[in-house]
Each structure stands twice: as C-alpha cells, then as structure tokens.
Amino acid sequence: MEDKKPSPFVDLMSGGVWLALAIAIVVISWKMDRLAHLQASIYTAPALVPGLLGIAIAIMGVLLILRSVRAGALSQPHLAIGNIRDHWRVLTALALCFVFAIGLIGSGMPFWLAAALFIAAFVFVFQFEDRKAAGTLLRGAGLAVVFGLVCGGAIHYVFQELFLVRLP
Amino acid sequence: MFDGLLLFGHSIATFATPTTIAYALGACLVGLIIGALPGLTATMGVALMTTLTIALPSNVALLILICTYVGAIYGGSRSAILLNIPGTPASAASCLDGYALARQGLAGRAMGIATSGSVLGTWIGMIGLALFTPVLGEMALKFGAYEFFWLALFGVVISGNLTGNDALKGWIAGFLGLFVAMIGQEGMYAYDRFTFGIHDLSGGISLIPALVGAFGFAEVLTVIKERPPKIIINAFDTVIPRIQDVTQYWRTIIRSGLIGTGIGIVPGVGEDVAAWSSYAAARRASKEKDKFGKGSVEGLMAAETGDNACVPGAVIPVLTLAVPGSAPAAVLLAAMLIHGVQPGPLIMVNNPQFVYDVVTMMLFASIGILIYGLTLTQLLVKILQVPQTMVMPVVFVLCTVGSFAIASRFFDIYVMLAFGVIGFIMRQLNYPMAPLVLGIVLGDLLDKNLRRGLTLSDGDLAPFFTRPISFVMFCLVLGTILMNIPAFTNAVARLWATATAPLRGKSSDA
C-alpha cells in the first residue's frame, strides 16, 4: 500500500491505458472463434468471459478517467517524471536484473558464477557513492566480489545439491 | 468432534519425528528472517520455499511452507518494533504502538507482547481451522456452478475493496488478474486464447512466476528506488513475554483472534486488513483509548494477535473451496496442487486427515515462533543491520530460481520479469497487488462456472440470482460495490435517519 497518491493526471493516463487495453480485449474476444463447427453453445464460447471482463475493465477505466477529470486532471496536465538522473537507481537496477536474467542465465555460464557476477556488480554499483565518499572503493569492490561468490555458491549448494532443485 | 481429536492426535504422532521438527524449525527461522527484513514479504517467502521444497514429500513440503508463512507474519513485527518499518504489510499496525514502546526503552517488552500475541493468535486461528473447516466443507458441498461464479467474483471485489486505499483501483487490479487467467488454453475446448501464436503462452501464465514477479522483483525495484535510510535500532530490555500482559488483555486477545480468523476466511483479504481491523476493534472497546498510538500494550497485542490468527483463517477457504484467503495462501494453494493434494469441497469426504495435518503444521509453526521469539533477538538485530543493497540482489537471484524451478522453463523467468515491471509501475500508481494475484487464481473458477452455469440453465440468468446461496453472494457483491458510491451511502444514511427519527424522538422525550 503506497502512502503517496498519484496526481489526477497520472490517474487519467492510467485510466486511458486500461480503457485501451479493455477495448483491445473486447475486439479480440469478438473476433475469436465461437467454435460453431463443434456445435458449441454460444454460452460456452471461449470468448464469452474475456469479453465480459474487457467490458468491465472498460467501464472501470472510464470511471477512473471521469474521477480524475473531476479531480482536476485537465487543469494540471503534466507528468511529474522529473529528470532521468532522479531515476538512475531504478533504471540501473532494472538494467542489471535484465542482463542477469536474460543475458547471463542460459548463456552457458554456470549458474553460481552468473549469480556471483550479478550480486557483486549490484552491490558495488549501489554502494559506489558511499564507498567513494569514504575512500574505500577498492575494499568495497573486494567485499562485493567475495559476497557475490559466497552467495552464488550458497544458492547453488542449497538448491541444487541439498534440495535437488534444477537451476537455470 | 471426537473423530477430529483422533485425527489430530494421529497427525501429531506422524509429524513428531526429529527430521520433521528440524524442517519446521528451519522453515520458521527462514520465515522469521524473510518477515523481519523490510522488502521481503510472506507471499514471496512462501513462493520461494515452494520452489525449494519441490522434490520433498508433500506433507513435509507443506509443513515447511506453513511454517515459513507463520514465521514471516510474526517476523514482520521485529522490524516494526525496532525500526518503525513494517517487515511485511501485515505488521504496519504494529508499528504504531510497537515502535512507541521501543522509544520508551521497552522494545524487549514489545517483542514479548508480539510473541505472545502471535502465538495465541495462531492458536485461536488453529482452533477455528479445526472447527470451521468441516462446517464450511459441508456447506461447500451445496455449491454449484452459480455459487462458484459468485464466489470468484466476490473474492475479487472484496479483495479490491479492502486491500488498498482506492476501491476502484483495487477492482481494476482484480479484473486484470481475472483477465490474465484467461490467457492460454481454456478448460472446455482447449482453445488458445490471447496467445498470439506464442507456444509458451498456451500453458497459461503460471501463478508462482507471476507472484514472484509482482511481490519479489517489484519489491526489489521499490526498495532500491530510494536511498535506504541509516538503520538505528533502539536498545531493548528482556523479550520474555509477561503473563500479566496476557491475563490483563485476554478479552482483546480472544476478540482479535476471532476477527483475524474471520477476516482470513474472506477470500483474498489477508493479514494486513486483519491486523488493522483487530487494532480498530481493540481501540473502540478499550478503556485506555488515549494510549493507542503512544505505546499501548493492548493495541500491539490486538494487531499481532489479529494478523497471526488470519493465517489459519486464510487456509480454511483454501481447504474447503480451493479459494485463497490471502496472497500467501494463494501460493499455498498452488503448492498443494503441485504436490498432488486436491483441496476443495470434497476434502472432508476424501481426505479429512489432511485438514488435521494442516492444523498440526500450524501448531508446529506456533511452537517454532515461540522458541525463536524467546531466543533469537540478537541474531535478528544483526540481520536487520545488513544493508538492503546487499539483500536485494540475492532476492532477485532467488526470484529467477523460484520462477524457473517449478517447470524448468525460461519462459517463466520472462513472466516474472514482466510481472515485476508491471507490478512496480502499478504500485507506484497506487494499485494494490493482492487483488491481481487473487484474480489470477480465481479466473479459471469464474470462467468455467459462468459458462457451465449458463449451459445448465440454457442461457437463463435466473438461477444466478434465485438460488439461496447465489442470492446471498450476489447481494454481498452488489453491497460491496454500492458501499463505495457516495451518493448511495448518503441516501442510505438519510433513509436511516428518517426511519429512526420517531424512535430517537421518543427516547429523547423519555
């Protein structure tokens, strides 16, 4: 539960996204095969429930749009996205996570090594500012590598060796 | 009643082996740590442990999952008391008085209250589980397609209404979850819906990867988004619970336990609502209302009893209706299906022993948290001091393992990533996650039963509204929606005032 409520304009935008998604769902459902060649009843058509859900989401999307307009969304039509630098933490985390999950895993590299590399890089990047200010960058890098190797090895051992779970 | 006790005794005898006890204690510890660490929720903990225990026998695996669940809900109180940060959303209510007590130098006493409240809450819920499951199971046997349709809809509507602070957004999240469940082959004709030729989508969106993404990866991004504050832990006194705290507030404990269990039974509502409701009820009934929020023992006791009593409560609909009472219970339901246990209306007919096995698992979990509550404070304080920049990458690695290991499909890792990003954005926009998860779980139930019901009635909608249970559930759905429309609530208030005016006039005359 987030305490910070988004602005009415953000709600207007999200309402628009839901409405667009809902229209797409309804259109695809309408075009979906009704399986008449299988003598299927109209009440068992595969598109029936998704179509109804699409209509329900569309109604709620419209309600959200109306509510945000009443709350003054059109009088302050701007997104408080801010500078891209304000979001470097999320963007960096996203990039690191995607590189690990899509690039490193399944590339032939042993899982423990991929995990160790990812964890070490993540720790080093997000402790960089503090380490730099404290003048302990080299120590921080060393600790990050050791931490990564310990965690990568431990996860491999616990899952694959101890509990016989297949790792990616 | 006597049969139940016999089955319970048999379960205890089966589970009381050194290996099982070791697994239970280990799982409680893992749960406690997961719950105590801000950013790691009970849902994610149970999802990750589902992966870890996939090769174990079903009873042992489910024992581990239940101990993790109970441990995590209890563990959340530690960071609430010591850091003023709820370890899990369920502990948010405990921050108010727990942290206030800690600031008065009574953190140890607060942790003792949390321990006694959590253990007693679990026991009350456990008794509820043993007593209500057979009753609800018998009632569930009367459910047909019409009732199951309304049950699925009611779950999403009530969850959307209660789990966030914006009902409309909660419902959107819930209906989105229902739609997600429509992706893949449907259950009647094996027809591919919304797969767009992607072969992997034919099997549908698996619950565990979606959950791990929405609760795990999204949480990693949420935590890392802000620079973490410096951790300052208050000094603490003895953590041994005082008997006086229990005897003095026994009414609060019983009331909160019953509220927690009752809220647990409501589909998809969960521990945070149970904690807040118990807290609010305790405040209303208290003789020391002014102490609430300033270090009230009663307030903390109510919140902790309520959230832990909700855990067994949330398992009741899982066992009897195959409908989860909370987000972690949704994972538990998925784990039961993975391990070949078939929960649902027939469980008391086909497998009554399993119900008492679950009661025993709750008992073991409560003993586990009692042991750790009395002994592990120093270790937990050390764990809480580990920087989140070190915890979060490990959590993400576990998210990838957790998504992959269930079916050994890389596609599930991509599902986790997608749900993580969607979950993160939705949380930033104030959309709750619990209805989304419940929607994914209930989508199939809603789809099959609406179509089955319409086929049985040949398109006649009347049975959806005229059968007694259907009618009650329809009224509940309608009432929940209408209660969120100000014009309706104002009209009801006016009507009520008009109707009771003569009575009020009489009483004032008297």
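By definition, a body whose alpha carbon gyration tensor gives a ≥ b ≥ c is oblate when a/c is 1.5 or more and a/b is not larger than b/c, and chain A fits this oblate description. Ranked by the mean number of other Cβ atoms within 10 Å of their residues, highest first, the peptides A:113-123, B:382-392 come out as A:113-123, B:382-392.
Among the residues of B:173-186, the average count of other protein chain beta-carbon atoms within 10 Å of the residue beta-carbon is 4.
Of the accessible area of the range A:1-147, computed with a 1.4 Å probe over protein heavy atoms only, carbon and sulfur atoms account for 70 percent.
For B:Glu138, the solvent-accessible surface computed with a 1.4 Å probe is close to 130 Å², ligands and nucleic acids excluded. Protection proxy ranking for B:262-271, A:28-37, using the average of other Cβ atoms within 10 Å per residue and placing the highest first: B:262-271, A:28-37. Taking a sphere under 12 Å around the Cβ of B:Ile253 and counting the other residues whose Cβ falls inside, with K and R at +1 and D and E at -1, yields a net charge of -1. May I ask you to list the trypsin sites (Lys or Arg not before Pro) in the range B:200-307 that are in a DSSP loop and have at most 10 other Cβ atoms within 10 Å of their Cβ? Filter output for the range B:200-307: B:Lys230, B:Lys287. Legend: mean number of C-beta atoms from other chains within 10 angstrom of residue C-beta atoms, peptide A:114-121, equals 3. When each of the peptides B:120-128, A:142-150, B:198-206, B:87-95 is scored by the mean number of other C-beta atoms lying within 10 Å of its residues, the order from highest to lowest reads B:87-95, B:120-128, A:142-150, B:198-206.
Legend: mean number of C-beta atoms from other chains within 10 angstrom of residue C-beta atoms, peptide A:47-58, equals 6. With contacts taken as Cα pairs under 8 Å and at least 6 residues apart, chain B reaches a relative contact order of 27 percent.
List the pairs from B:Lys169/B:Lys225; B:Lys169/B:Lys230; A:Lys5/B:Lys230; B:Lys142/B:Lys448; A:Lys31/B:Lys448; B:Lys291/B:Lys382 whose alpha-carbon separation is above 27 Å, in the order I gave them. Among B:Lys169/B:Lys225; B:Lys169/B:Lys230; A:Lys5/B:Lys230; B:Lys142/B:Lys448; A:Lys31/B:Lys448; B:Lys291/B:Lys382, the Cα-Cα distance tops 27 Å for B:Lys169/B:Lys230; B:Lys291/B:Lys382. Between Rg and the Kirkwood Rh of the protein assembly as shown, both from Cα atoms, what is the Rg to Rh ratio? Here Rg/Rh amounts to 0.97. Largest first, the residues B:Ile413, B:Ile259 sort by 1.4 Å accessible area into B:Ile259, B:Ile413.
The values are calculated or read from the model by the stated rules, or taken from the named source; none is laboratory data. The shown structure was predicted, so the numbers you read here are calculated from the model rather than taken from an experiment. Don't worry about glycine lacking a Cβ; one is built from the backbone with ideal geometry, like all the others, and counts go over all protein chains shown. Each accessible area value is taken on the protein alone, full model and side chains, heavy atoms only, with ligands, DNA and RNA left out. Shrake-Rupley method; radii C 1.70, N 1.55, O 1.52, S 1.80 Å.
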